[in-house]
1. Find how many whole Å separate the alpha carbon centroid of segment 252-292 from the alpha carbon centroid of segment 144-196.
2. Per residue, what volume in Å³ does the convex hull of the Cα atoms of segment 51-145 enclose?
3. Given a Förster distance of 30 Å, report the FRET efficiency between Val38 and Ser166 from their Cβ-Cβ distance, rounded to the nearest 0.05.
4. Just how large is the dipole of segment 134-194 about the Cα centre, in debye to the nearest 20, putting +1 at every Lys and Arg Cβ and -1 at every Asp and Glu Cβ?
5. So for Tyr292, Tyr190, fewest C-beta neighbours within 10 Å to most, what's the order?
6. What percentages, rounded to whole numbers, describe P(r) for segment 168-311 computed over all alpha carbon pairs with 5 Å bin width beginning at zero?
7. Report relative contact order for segment 173-314 in percent, whole number only (criteria: Cα-Cα under 8 Å, sequence separation at least 6).
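Laboratory data are not the source of any read-out in this text; all were calculated from the coordinates shown. The structure displayed is predicted, hence computed values, not measured ones. Note that we place each Cβ from the backbone using ideal geometry, even for glycine, and neighbour counts take in every protein chain shown.
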Amino acid sequence: LLQLSAPLNLLGMMYREVKQAFTNLERLFGLLDERQDVQDRDGAVPLRVSRPRVAFESVRFAYDARREILRDVSFEIAPGGTVAVVGHSGSGKSTLARLLYRFYDVDAGRIVITDGEDTAHDGTGYDIRDYSQASVRGAIAIVPQDTVLFNDTIYYNILYGRPAASRAEVEQAARAAHIHELIVSLPDGYESEVGERGLKLSGGEKQRVAIARALLKNPAILIFDEATSALDSKSEKAIQAELDRIAIGRTTLVIAHRLSTVMDADEILVMDAGRIVERGSHAQLLARGGHYAQMWRLQQQESRAEALAGPQPA
Ligand code: ATP
């Protein structure tokens, strides 16, 4: 028995270490909680889509059963279309993204992904719980609010988007994300160390690295979680142009903190306390004169104030 228990203990130790490593990773992404990890169903099928349609159907969700976070949320993103979500901090915007990436499963309702090109299909699509989790995550890239860079080279940090990519593909993604020029101007180029111990990149530069990573992955579905940190209007315009470009042909969910980012979306959802309280195009929502119109007026006043104050010293 003694002989047997030694390796078992070792296994137990290894298990705990591996589990801890994942826990740290999850904490890194701000995702740690008490809920069970999602599991593949028996007979889960791989998701293969080129132009997917994504639909949330009466979705309910709570991290903790005592406090419902999403209440009866329904919306649809057409193949290659863009839906933007706005609303107060804590209203549940990022939770939508986490459910689509299947970090968690919904408590009620469902999320359906249909291949927009699949005409032979009856168009009802599959619940994401019927697909293998790995294939769902393979089809989606997230450009997060605050990109975490690994303590490694900038090359590795981009390559992470698709580890099998070639050097030429990494550089092409960096060019498309407008970060290549900066990288080659560094003394060590793509081999420059970044992260905590390396080169400190600005928020905007980090987001470009994240965009390059996402482009390298070449996903059918893109989730863009806009940075909350205040950007000057020039950087804001640059990121906006970036987003417009990378979203072309991809089914895109934008979690927005600035209304200027959402003006061109097919549909804008205004969230409040886990519910969609207003929805429509920018023009429709302005005409409605509700929450969105009020938020818009406020932001306009702020940017006018910024313009009047003139360029700020660096
Ligand atoms: P922000 O604009 O600040 O990013 P948000 O609208 O994206 O906010 P969510 O991140 O979706 O908001 O959070 C919605 C609510 O769920 C918040 O009240 C938050 O405290 C809670 N919440 C988020 N993540 C967890 C978690 N892992 N465990 C428990 N509660 C959580």
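1. Using only Cα atoms to place each centre, the spacing works out to 33 Å.
2. Numbers: hull volume 10.2 nm³, N = 95.
Spread over its residues, the Cα hull of segment 51-145 gives 107 Å³ apiece.
3. After rounding, the FRET efficiency stands at 0.40.
4. Its charge dipole is roughly 340 debye.
5. With the fewest neighbours first, Tyr292, Tyr190 line up as Tyr190, Tyr292.
6. Taking all Cα pairs of segment 168-311, the binned fractions are 2, 8, 16, 18, 17, 15, 11, 7, 4, 2, 0 percent.
7. 15 percent
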